[in-house]
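Written out below as structure tokens is the structure these notes cover.
The values are calculated or read from the model by the stated rules, or taken from the named source; none is laboratory data. Everything numeric here is computed off the predicted structure, so don't read it as measured data. Every residue, glycine among them, receives a Cβ derived from its backbone with ideal geometry; neighbour counts consider all protein chains shown. For the accessible areas, the whole protein counts, side chains as well, though only heavy atoms, and no ligand, DNA or RNA atoms are used. Shrake-Rupley method; radii C 1.70, N 1.55, O 1.52, S 1.80 Å.
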Amino acid sequence: MKHTLKTASLASVFALVSMSCMAKEPAKDTAKPAAKSEKMDDLWGDSVVKLRAADAKRGQLFDDGNYAMFIHWGLYSNLGNKVKGKTYYGIGEWIMNSNMAGIPIPEYRKLANDFNPVNFDAKAIAQLAKDAGMKYIIITSKHHDGFAMYHSKADKFNIVDATPYGRDPMKELVQACKEVGIGFGFYYSHNQDWTFPGGGKGPKVDSDGKRATFDDYYKKKCLPQVKEITSEYGQIEIVWFDTPGSMPKKYVEELIEVVRKNQPDALVSGRAGHGLGDYQSLGDMEVPHHNVKGLWESVDTTNDSWAYAWYDENWKTPKQILGLLVSCVGRGGTYMLNIGPRGDGSVPQRAADALRGSGEWIRRYPQVVYGAGPSPWQHALPWGDVTTRGNKLHLAVFEWPRSGELHLPGLKNKIKSAKLLTSKESSAEIAHKKVSGWSVFSLPVGAPDKLVSVIEVELEGEPDVDPCFAIDPVVDTEILAEFSEVSGAKLKRNRWMEKFGEWKHVNQVVNWQPGGAATWEVDVLVPGDYKVALNYTGKGRLVWKVAIEGGEAIQNQQNASSVFHDYRIGWINFPKPGRYKVGASCIEGDTQSAALKGIKFTPLR
Ligand code: JFZ
């Protein structure tokens, strides 16, 4: 009972923090001066999204299409973050912005003369998405730079009229998606338009030097273009509006009306603004740690930049991609993963390889992803994550326990059967037993799948689980500070840009007062000593105390730095199986600098 209450309140805390991330909040530890990043913050607007039930047909896309391809492709792709021999580090589609290279408008417009994506292969991209296991593609029809990647009649600054290429690649991509049987949708930057007179963050005068208003831009370009993308490309699945900023509500309402009229079954992204979208787009490059209700998606990219950046070889591996995808599905949402084709239209080989690698896994275990429900535990487990289908649990084991036993805490149902899936067709029944409320499965010593192994557990009745945090007896258990009960300190959401436009988010406990603590309730199966480490940032040397209520307390001084890092505190003893309350406190040193992200328990055997 207590846990249900606790988790319910955590869910609402998450809803609050995820929405407040859209609000203007000074970013800490930014790579760029705060003033500049705040400017970027202003552009997100006040997007409190009214979550709708998946009542309309358009909601079904997210029910079975948990995974999608995002594509950032435009004139900026030709630069790949290098301008006049100098490399700018950050999100490539922002290259003309003053936070990056600061390219004057006339100069940027000239890029169109050299834009000739002769290696663009619509069929190959659609096939890549299909092979990756993705259910639809969303591509930039027009990003903040104002250049249309399709044949627009409303503005000549487009790929057909302004480049030597002279073809509409979007026509080809729509067709190719149809042929391979996946959905299609457009990203459209409705507020920001940096090159059209009157556009958001754009020039304030037109070519004759006459004052241009947002209304001018809206009527001459934005509205006609949204009409074009929703009427000239057949049925589309989503219109992905972005960065509404302070765009007045009447414009957003009218744009959505156009989408509804032209594409009654299409979803409108949460970033349309004014809470008018169909679903919530969570912060970029972020997967929530706790289940989130309603329709939502996380957007992320295969490396660090959305658009192609020549230096960016920081690719996610197939296993990392699966980790992010399964967490999204496990938290109840969908995952959209981006690629940035080069200016010539080709897709970086390593991105394609990573997507195909994870796609092969999805083909082996489609039930883990498609049409799968969230984890009844509501958060990740130490060795992996869980998704569901009816009375079945899919245990996706990312870290195979070398002990030959997998420990699942808090499952109340009787288990009908447990099978280790070895491929789409075959599986092996595995033994299981109940020990102190934990389900323990006997496993072969080696993981059967080289990426992520899957155990399918059939239950009697619908999954019924105590979502308490539990300390795994074999695998490291990390519990985040955002799941703690905090007193005499504060839980605060912090986000910053690692490189320009590359967001990182951490919920951390700060403002430590004397006697303050972050406390977790944990279940212990195997008694004994565990190593304790805390993950934090701070200044100088800090003294931390970790105490078990009614039990052992340990304390230690360790270093601190501005980068989150695990610091060992010491060994602590849980004398018998059962429930404990464990608290962590920063007690000496520059306690006001201390920001706690999580606690980690490592079994000693
Ligand atoms: C926006 C764009 O500015 C960016 O270029 C890219 O297209 C990305 C997918 O979307 O950037 C955002 C928008 C919203 C948030 C973060 C970055 N957000 O709400 O956290």
Measuring from the lowest to the highest alpha carbon on each principal axis, how far does region 558-602 reach, largest first, in angstroms? 37, 19, 16
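In deg cm²/dmol and to the nearest 500, what is the mean residue ellipticity at 222 nm of the chain if only DSSP H runs of at least 4 residues count, each as -39500 (n - 2.57), divided by the residue total? Mind showing how you got there, number by number?
On the way: 13 runs with 128 residues, N = 605.
The per-residue figure over the chain is -6000 deg cm²/dmol.
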At q = 0.06, 0.07, 0.12 Å⁻¹, base-10 log of I(q)/I(0) for the chain (Debye sum, equal scatterers on each alpha carbon): -0.33, -0.46, -1.24
Around V174: net Lys/Arg minus Asp/Glu count, Cβ-Cβ under 15 Å: -2
Using per-residue counts of other Cβ atoms within 10 Å, averaged over each peptide, order 323-334, 287-298 from highest down. 323-334, 287-298
Between the DSSP loop rule and a limit of at most 10 other Cβ atoms within 10 Å, which GluC sites (Glu not before Pro) in region 403-507 are left? E425, E460
Within the chain, percent of DSSP bridges classed antiparallel, to nearest 5: 75 percent
Spin-label point model (7 Å from Cα, Cβ direction): what's the K84 to K250 distance in nm? 4.3 nm
For the chain, the accessible surface attributable to carbon and sulfur atoms (probe 1.4 angstrom, ligands and nucleic acids excluded) amounts in percent to 51 percent
Using every Cα-Cα pair within region 526-605, state what percent have a distance larger than 17 Å. 42 percent
Given a cut-off of under 8 Å on Cα pairs at least six residues apart, what relative contact order in percent is computed for the chain? 13 percent
Counting Lys and Arg as +1 and Asp and Glu as -1 over every other residue whose Cβ sits under 12 Å from the Cβ of T602, the net charge comes to -1
Rg and Dmax of region 372-531 over Cα atoms: what are they, in angstrom? 18.2, 59
By per-residue mean of other Cβ atoms within 10 Å, what is the highest-first order of 209-215, 538-544, 562-568? 538-544, 562-568, 209-215
